[in-house]
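Down below is the structure, laid out as structure tokens.
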Amino acid sequence: MDQFLVKPLFGGDAVHWYTPTNVTLWMGLAVVAVSLLLVYTTRGRAIIPNRGQSVAELTYGFIYKMVEDVAGRDAVRFFPYIMTLFLFIMFANVLGLIPFAFTPTAHFAVTGVMALAVFISVTALGLILHGTAFLRLFWIDAAPLALRPVLAIIELISYFMRPVSHSIRLAGAMMAGHAVAKVFAGFAGALGVGAVVPIVAMTALYGLELLVALIQAYVFTVLTCVYLKDALHPHH
């Protein structure tokens, strides 16, 4: 599990809140990758787009459609925030697949901050837009009257568990995949010239990990849209 250790970039072993670390570096590289995709590849704004511009436009359209379909047309004004989340997570996940790289999204500290940001934002938005009517999110009108208080408590607990499940799902998936890849790499190193099976398994696992990296970015973003929909329309 040493691949998940947070290490300072410059001198010493102590890590303070202001210390540049490998987490800082790879999050910065993810931001650079997002900027290259959305700014550099689209700088020409060609009518017939090149490959880079095509990828940027397809990504833009895909996320825009997802926000509109899941959260509704009135959620489109929050599209830049959701697009930023998706691209940052996607590039952080994918860059972490490079040998000797670091995956910041495998750390609960990173995914937890993003999940808390979503949770606080949508809760504040719901309260600002609807006031106390936002609490109707926890009151299930379709249930029998006697069960509504019990269901309200369950819904309330479930609501405050959202940032926990939101963050653990992403970090756990990335950590588990990298740990399994390290195990197969260890087998390959131990077997030497007879490491055909572990190497084939590693190749297949890398393909699976790439798929997981994209799916986990998508799942995090979809859940953000679902939570946003609850804030905009707090009715069962």
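Brief remarks on what is shown
- Selection within the range 139-150: residues that are surrounded by fewer than 10 Cβ atoms within 10 Å (Cβ to Cβ) and not in a helix (DSSP H, G or I). The member of this set that is farthest from the chain's Cα centre (by Cα) is PRO144.
- Looking only at the range 29-64, residues that are of a type in the set (Lys, Arg) and more than 26 Å from GLY96 (Cβ to Cβ) come to 2 in all.
- Which numbered condition GLY72 misses (of (1) closer than 26 Å to MET175 by Cβ; (2) surrounded by fewer than 20 Cβ atoms within 10 Å (Cβ to Cβ)): (1)
- Residue in the range 93-101 that is closer than 19 Å to LEU223 by Cα, touching a helix residue (DSSP H, G or I) at 6+ places or on another chain (Cβ under 7 Å) and buried (at least 18 other Cβ atoms within 10 Å of the Cβ) present: yes
- Sub-9 Å Cβ pairs linking a first residue in the range 23-47 that is without any contact (Cβ under 8 Å) to a residue 12 or more places away in the chain and at positive phi to a second residue that is buried (at least 17 other Cβ atoms within 10 Å of the Cβ) and polar (S, T, N, Q), at least 6 apart or interchain, are ARG45/GLN53, ordered by first then second residue.
- Just one of the listed residues (ALA106, ALA115) is of a type in the set (Gly, Ala, Ser), surrounded by 23 or more Cβ atoms within 10 Å (Cβ to Cβ) and within 30 Å of HIS233 (Cβ to Cβ), namely ALA115.
- The number of residues in the range 118-138 being modelled with pLDDT under 90 and surrounded by fewer than 17 Cβ atoms within 10 Å (Cβ to Cβ) comes to 5.
- Here ALA56 meets each of (1) part of a loop (DSSP other than H, G, I, E, B); (2) within 19 Å of the chain's Cα centre (by Cα) with one exception, condition (1).
- Of all residues in the range 59-76 being touching a residue at least 40 places away in the same chain (Cβ under 8 Å) and in a helix (DSSP H, G or I), the one that is nearest to the chain's Cα centre (by Cα): ILE63
- Identity of the residue in the range 5-28, in contact with a helix residue (DSSP H, G or I) (Cβ under 6 Å, 6 or more places away or on another chain) and in a helix (DSSP H, G or I), that ends up surrounded by the fewest Cβ atoms within 10 Å (Cβ to Cβ): MET27
- Matching entry among ILE153, ILE168 (being modelled with pLDDT of 90 or more and either in contact with a Ser or Thr (Cβ under 6 Å, 6 or more places away or on another chain) or exposed (fewer than 12 other Cβ atoms within 10 Å of the Cβ) (or both)): ILE153
The values are calculated or read from the model by the stated rules, or taken from the named source; none is laboratory data. Predicted model, so just to flag it, every value in this text is computed and none were measured. As a convention, Cβ positions derive from the backbone with ideal geometry for all residues, glycine included, and neighbour counts pool all protein chains shown.
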